[in-house]
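The values are calculated or read from the model by the stated rules, or taken from the named source; none is laboratory data. What you are looking at is a predicted structure, and each value in this text was computed from that prediction instead of being measured. A quick note on method: Cβ atoms are made from the backbone with ideal geometry, for glycine too, and the neighbour counts reach across all protein chains shown.
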Amino acid sequence: MIKYLFGSVLLLLFCLNTHAQKLYLISGQVKDKKGETLPGAGIYLSGYTTATVTNQDGQFTLAKIKPGSYEVVVQMIGYLPYSKSVIISDKSVNISITLAENTIQLNEVVIRADPDREKNLKLFEDFFIGRTPNSFKCKILNPQVLYIKYDGDAKILSVTTNEFLVVENKALGYRLKYMLNLFEYNYNTRIVYFSGLPVFEDLKGSGRKRKTWLNNREIAYAGSPQHFFQSLYQNKVEENGFIIYKRIKTKNPNRPPDSYIATTKARLMKRMHGASTIGSVFSDSLLMMQRLYDMPKEFTTLDMSGVATDTLVKSIYPNMKTINYKDELYIMYTKEEESNAYSNTGHYVMRPLTIPNYQISVVSMLKGPVSFYPNGAIHDSKAILFEGFWAYEKIGDMVPMDYIPLNKR
């Protein structure tokens, strides 16, 4: 099964506080390292659709900003992408930004061309954008900016870039500019991890297209991790269509550790001195070791008694909530079903026959406790691991953090 380490896709920290009813400004000026102002630089809030450009004096203003923690992202042709953390509490903020020139030339990438690049690029697209119906309508517009490296010893595929990766999503009507910090796929563990800063821009389209995009966005948002953690924060999990069970893993008491099996096999092979008879004691013992190795390391059971959110969720820190649990959360979204296409992707999570064809995701805690914000953003993106439907849906099904469902508009 392919697992997905929850990356910084939903990275932004949005800390509402007692001043949430007020709106503020993020303003500033953009210069180069020589002190020259830079007009025409794109200014964005990562994960949102809020954006502007600098004026002739390199100045900018982002208006109507709620209190919280944000990542301001800057893009300018000929310069490296830039990001700066900004916290809005009870007053507006003014920042100074200095951009560094992008001195890396495209020719350098061509000189170091990799014969496996196309194959690795396809794998990156599958694990970064996804293989959902929405993902198939996405296209990377500038794949040449990607630096792809495969470590044969560690069996890790890594992808980085020093420019914005631009993805056009014709299913949801967004152009996504993604400042990719790191993408990694581990062939041994089959775990995918990527982190970065996403910026959303609405595509232009006819009224009919916009209506289709709006409908697709509603479907993409419903049942997503963003939707779930928002519901968990509001204590409206069941009301919004989610059911939480526990998946419990216990070690198989009849299976020895791998180290014991490997040591025993090596000892038996040494004593055989290269000679083997099918019915010999050594052959039988080796066969027994192989059978032990093939046994499952653990057993999985499902606790269907349900998880009470009032015991799962704690309010330890202001303006955020925290969960800390043993075992794994087995989360079902009851308002949508899994498709046959999804069942054949390798992400499918087993279920008892009594459970309908709900969308099922499993959340494992790698480093607890885990804190999250009102908009569904996770404080530490490396703290949890997704399996199932949430590992299946990736960039191609992502909506902005300021997305508001139709029933709340």
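A few points about this structure:
Yes or no, residue by residue, for (1) among the polar types (S, T, N, Q); (2) part of a helix (DSSP H, G or I); (3) buried (at least 18 other Cβ atoms within 10 Å of the Cβ); (4) in contact with a strand residue (DSSP E or B) (Cβ under 7 Å, 6 or more places away or on another chain):
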| residue | (1), (2), (3), (4) |
| --- | --- |
| Lys209 | no, yes, no, no |
| Ala220 | no, yes, yes, no |
| Lys236 | no, no, no, no |
| Arg247 | no, no, yes, yes |
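- Filter pass, Phe127 being touching a strand residue (DSSP E or B) at 6+ places or on another chain (Cβ under 6 Å) and either closer than 23 Å to Met332 by Cα or assigned to a helix (DSSP H, G or I) (or both): yes
- Criterion (farther than 28 Å from Leu157 by Cα, surrounded by fewer than 17 Cβ atoms within 10 Å (Cβ to Cβ) and modelled with pLDDT under 90) met by exactly one of Ser69, Ser89: Ser89
- Subset of the range 306-354 [of a type in the set (Val, Ile, Thr), within 12 Å of Lys246 (Cα to Cα) and assigned to a strand (DSSP E or B)]: Ile331
- Candidate set from the range 372-409 (those that are free of Cβ contacts under 8 Å to residues at least 60 places away in the same chain and outside any helix (DSSP H, G or I)); member that is surrounded by the fewest Cβ atoms within 10 Å (Cβ to Cβ): Arg409
- Qualifying residue in the range 150-158 (condition: within 17 Å of the chain's Cα centre (by Cα) and surrounded by 16 or more Cβ atoms within 10 Å (Cβ to Cβ)): yes
- Options Pro352, Pro400, Pro374; residue that is touching a Phe, Trp or Tyr at 6+ places or on another chain (Cβ under 6 Å) and modelled with pLDDT of 90 or more: Pro400
- The condition of being of a type in the set (S, T, N, Q) and at pLDDT below 90 holds for Asn344.
- Residues of the range 178-203 satisfying the condition of being surrounded by fewer than 22 Cβ atoms within 10 Å (Cβ to Cβ) and either touching a Phe, Trp or Tyr at 6+ places or on another chain (Cβ under 6 Å) or assigned by TED's automatic domain parsing to the domain that holds Glu393 (or both): Glu184
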